[in-house]
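Notes follow once the structure below has been shown.
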Amino acid sequence: MTKAALSSPTWSTQTAFILAAIGSAVGLGNLWKFPYITGENGGGAFVLVYLACILLIGLPVLIAEISMGRRGRGSPPETMSRLAKESGASKLWWLLGVNGMLAGILILSFYTVIAGWGMAYFVDSVSGDFIDMDAKGAASHFSALMGSPETLLLWHSVVMLFTIVVISKGVKSGIEKAISFMMPALFVVLIVLLGYAFFTPGFGQSLAFLFEPDFSKLTGESVLIAMGHAFFTLSIGMGTMMVYGAYVSEKYSVVKASIWIAVVDTLVALIAGIVIFSIVFTNGLEPGSGPGLLFQTLPVAFGQMTGGWFFGSLFFGLVVLAALSSAISLIEPTVRWCESRWSIPRTKAAWLIGGLTWLIGLATIASFNIASNIHLFGDKTFFGSIDFLTANIMLPLGGLLMAVFFGWIMSKESVQKELGLSVYWLRLFNWVLKFVTPVAVSIVFVSNII
Ligand code: TRP
């Protein structure tokens, strides 16, 4: 306990915390996953469900998760046992933290593989590979990468190495510094890309695809995917925000921070979507082409636009950095747990957990080539199955339990103290978190099982 207290870090300012949380939230989920799952699930109606999930499920759970972390001040299992003890609830609540840590490791195992694609593309862009590239060239460039387990392995390893090194350095010097310049830069490049997309012939069609809902395209599974993505993109349901919350001072407003995180995260995803689908429709590409979407579209834009070499290299560089700040947040809960619960030095813990995760990642690499016809869940590859299991089952389940704990089990006084809301807002928040959020998550779950 004394040891944990000694090394317990805190964010230096409210802004530093918000930036770090945004750094966690904004990542491959926004730039890579959101556009491709939107394409696969028919566009507008899916986006609408996703936005509803962010507002009615994501934001309330985000507020609850950060607040619980700040009150418990430990790694997710420790926080949960402390809070359970304080509220006289079952000891078993610590397992919620364990579910989260497992989910984090599983997500990270494929996250670094995809971030590795970004790194490969960064190097390709710098070496001028995308100059004058057309849609056909971009497609074959991507399949060449997928067909090379050695290259995927190399970049997966490099990204994991980076993650381990940064996380070893600790919260303040590692995470805060990197993010304060990265996020603004990412935003600028996205705006430049939006400017480019605006002048492509596919821009109008892109807007129509994303914002004109056609509910006939919506299936039960796409609602589940939209909900799962709300958890994934906000980094909630597994303890990342819980552990980041544990480093937040009492002085700051959790509600304000959460609104910032949700708004910026949603904006980045929507802009990325508009840009990518403009290129898709301009070049007659297939919106539902899957995980390769980002990588098969943007090189075309960079190949054609003035300054494409510069913006392309900058963009893929930023994708890697955005992924890195999220990767760090995926491993932090477990590293923190090793440190404070088991007194394992931080650096050792980082290598241990990182190494294990790296190993699991090998299966994801194989699922894009040598093992592409091995299916785990239904017709899903190893990568597809892990993605489904984590985003659509483990995170919503974790989030549901957090909402139940915060809404029903924690004392009114603690909730009031953490949130600091006026009576009216507190009542509204409580009502949403106690009823709307759990019921919505349960309905989506149950209807998918049936
Ligand atoms: N939110 C990140 C993204 O959109 C990924 C991520 C980081 C995450 N930490 C998480 C997802 C915790 C779920 C839980 O890319």
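At a glance:
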quantity	calculated
For the chain, alpha-carbon Rg relative to the globular expectation (2.2 N^0.38 Å, N residues)	0.94
Phi to ³J(HN,Hα) by Karplus 6.51 cos²θ - 1.76 cosθ + 1.60 over region 67-79, Hz, x for Gly, Pro	4, 5, x, 5, 6, x, 6, x, 5, x, x, 5, 4
D (Stokes-Einstein, µm²/s), Kirkwood Cα radius, region 310-450, 1.567 mPa s at 4 °C	68
Protection proxy ranking, peptides 312-325, 245-258, average beta carbon neighbours within 10 Å, highest first	312-325, 245-258
With Cα atoms, 0 to 90° folded angle of helix 395-404 axis to the chain main axis	30
On Cα atoms only, tilt of 308-342 relative to the major axis of the chain in degrees	30
Within a Gaussian network of the chain (alpha carbon springs, distance under 10 Å), most fluctuating of L186, L51, L154	L154
Karplus-derived HN-Hα couplings along region 428-434 (A = 6.51, B = -1.76, C = 1.60, θ = phi - 60°), whole Hz, x at Gly and Pro	4, 4, 4, 5, 5, 5, 7
Phi-based couplings in Hz for region 246-252 (Karplus 6.51, -1.76, 1.60; Gly and Pro marked x)	5, 9, 9, 6, 4, 5, 8
Proxy reagent accessibility, fewest Cβ within 10 Å first, across M238, M227, M394	M394, M227, M238
Relative contact order (%) - criterion: Cα under 8 Å, at least six apart; region: the chain	36
Along principal axes, Cα extents of region 14-120, largest first, whole Å	46, 33, 31
Globularity index of region 16-61, i.e. its alpha-carbon radius of gyration over 2.2 N^0.38 Å	1.31
Dipole in debye (nearest 20) - the chain, about Cα centre, beta carbon charges: Lys, Arg +1; Asp, Glu -1	1780
Cβ charges +1 (Lys, Arg) and -1 (Asp, Glu), total dipole of region 380-446, debye	140
Residue-averaged 222 nm ellipticity for the chain, from DSSP H runs of 4+ at -39500 (n - 2.57), nearest 500	-23000 deg cm²/dmol
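Rule-based calculations on the coordinates, nothing more; no lab input. Computed from a predicted model, the values in this text were never measured in an experiment. Counting neighbours? That spans all protein chains shown, and the Cβs are built from the backbone with ideal geometry, glycine included.
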